[in-house]
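**Q** Quick one: structure below, then a few questions.
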Amino acid sequence: MKFSTIFVAAAAQVASAHYFFETNVINGAAQTPGKYVRDTTRQTKYNPIKFSSNPAGDIRDGSYADGPDIRCNQGAFSNAGRTEVLTVNAGSEVTAKLAYGAKMEHPGPGFVYMSRAPGDNVKAYDGSGDWFKIFEEGVCNQGADFTRDAWCTWGRDTITAKIPDNTPNGEYLVRFEHIGIHRSHVNQPEHYTSCLQVKVQNGGNGSPSPTFKLPGGYKDSDPYAKFSIYGGYKNFPMPGPAVWNGAGNGGGGGEPSNPGNGGGCSAMYGQCGGNGWGGAKCCSAGSCQVVNEWYHQCV
């Protein structure tokens, strides 16, 4: 019996281990699990979060990407009061680390988002407010295996992001996420996420934008949720809003998102529009296509 290359590759990816972010790292030292990162109450902590439209047999622990568990993982808010708040300076880095020595060995992007707690009381905040993106990473080596180590996160156990210098002082949730897209070709991306509780000091007066809400910001109809990693490299449509540029408007976003120099228009694969985008809205090559509400791209 013969099997297609795509089928065999997909089967191999399904067999890969799952994982979850358990703690954060300060000055190279992993902190006590659950000290600053909200713990989850899931029966199997390393299970992914999927869309409710996926087959029932593929849903784990009743967690859905279009439900509130997508914010900080299942049961995380119930642990908020006993989770400590880490004081960080704007402009410094924060890092989340996987549990049990696991590595991110699903292909896919990594993200870091922030959401300010009402009244600057993050222990009482469920994450239902506005989220803005401060970091994203996709492909680091287009010439490598697009189903494996072409992705920046491959083989790592941490995601690190800088708190923008101009972030207003206050208490925030910092949400770390890796999305395994090895089954996005059958509309089943796998979300792995946890939240760090922080108090930002020595910040600025920036206006983080664009923002979105969770759930609702990710949809099973989004291009990332239907993306195939098979057949070689292709540009990946980043989900969510553009990365906040630290000022009053969102900037960056997409992969890659370098501005063009063709008469002020964006280069091929650069951003050319979207909610909150203040840059060029024309393309020096290709045409501007809508990827999602926040990100239009020259392709």
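The values are calculated or read from the model by the stated rules, or taken from the named source; none is laboratory data. Because the structure is predicted, anything quoted here is derived from the model rather than measured. Note that we place each Cβ from the backbone using ideal geometry, even for glycine, and neighbour counts take in every protein chain shown. When the accessible area is computed, the model is the full protein with side chains, heavy atoms only, and any ligands, DNA or RNA have been set aside. Shrake-Rupley method; radii C 1.70, N 1.55, O 1.52, S 1.80 Å.
**Q** Quick one: pull the percent of accessible area on the range 86-142 belonging to carbon and sulfur, 1.4 Å probe, ligands and nucleic acids left out. Each step should come with its number before you reach the end.
**A** Values: 870 of 2140 Å².
Answer for the range 86-142 is 41 percent, counting heavy atoms of protein chains only.
**Q** Send over the per residue convex hull volume for the range 109-171, Cα only, as a whole number of Å³. Don't skip to the end; give the middle numbers.
**A** On the way: hull volume 7.0 nm³, N = 63.
Hull volume over Cα atoms, normalised by residue count, gives 111 Å³.
**Q** Percent of Cα-Cα pairs more than 14 Å apart in the range 54-93, please.
**A** I get 62 percent for the Cα pairs in the range 54-93 exceeding 14 Å.
**Q** Lys and Arg at +1, Asp and Glu at -1: add these up for the other residues within a Cβ distance under 13 Å of Ile159 and post the number.
**A** On the way: positive: Lys97, Lys103, Lys133, Arg156, Lys162, Arg175; negative: Glu22, Glu93, Glu136, Glu137, Asp157, Glu177.
Computed value for this residue: 0.
**Q** Let me ask something else. If Lys and Arg each add +1 and Asp and Glu each add -1, what is the summed charge of the other residues whose beta carbon sits under 13 Å from the beta carbon of Tyr64? List each step's numbers first, then the result.
**A** Values: positive: Arg42, Lys50, Arg60, Arg71, Lys219; negative: Asp58, Asp61, Asp66, Asp69, Glu190, Asp220.
Within the 13 Å Cβ shell, the charges total -1.
**Q** Another one. One-quarter of the Cα convex hull surface for the range 23-77, in nm²? Present the calculation step by step, with values, prior to reporting the outcome.
**A** Details: hull surface 17.1 nm².
So the Cα hull casts an average projection of 4.3 nm².
**Q** Considering all projection directions equally, how large on average is the shadow of the alpha-carbon convex hull of the range 32-126, in square nanometres? Kindly include the intermediate steps, with their values, before the conclusion.
**A** Working: hull surface 30.4 nm².
Computing the convex hull of the Cα atoms and averaging its projections yields 7.6 nm².
**Q** Report the label-to-label distance for Ala247 and Asp126 in nanometres (one decimal), using points 7 Å from each Cα along the Cα→Cβ vector.
**A** The answer from the label model is 3.7 nm.
**Q** What is the log10 of I(q)/I(0) for the range 172-220, computed with the Debye formula using one identical point scatterer on each Cα and no solvent, at q = 0.21, 0.25, 0.26 Å⁻¹?
**A** Here the Debye-derived log intensity ratios amount to -0.94, -1.11, -1.14.
**Q** Taking Rh as the Kirkwood radius computed over C-alpha pairs, what is the Stokes-Einstein D of the range 90-248 at 25 °C in a medium of viscosity 0.890 mPa s, expressed in µm² per second? Please list the in-between numbers first.
**A** Numbers: Rh = 16.3 Å.
Approximately 150 µm²/s, per Stokes-Einstein.
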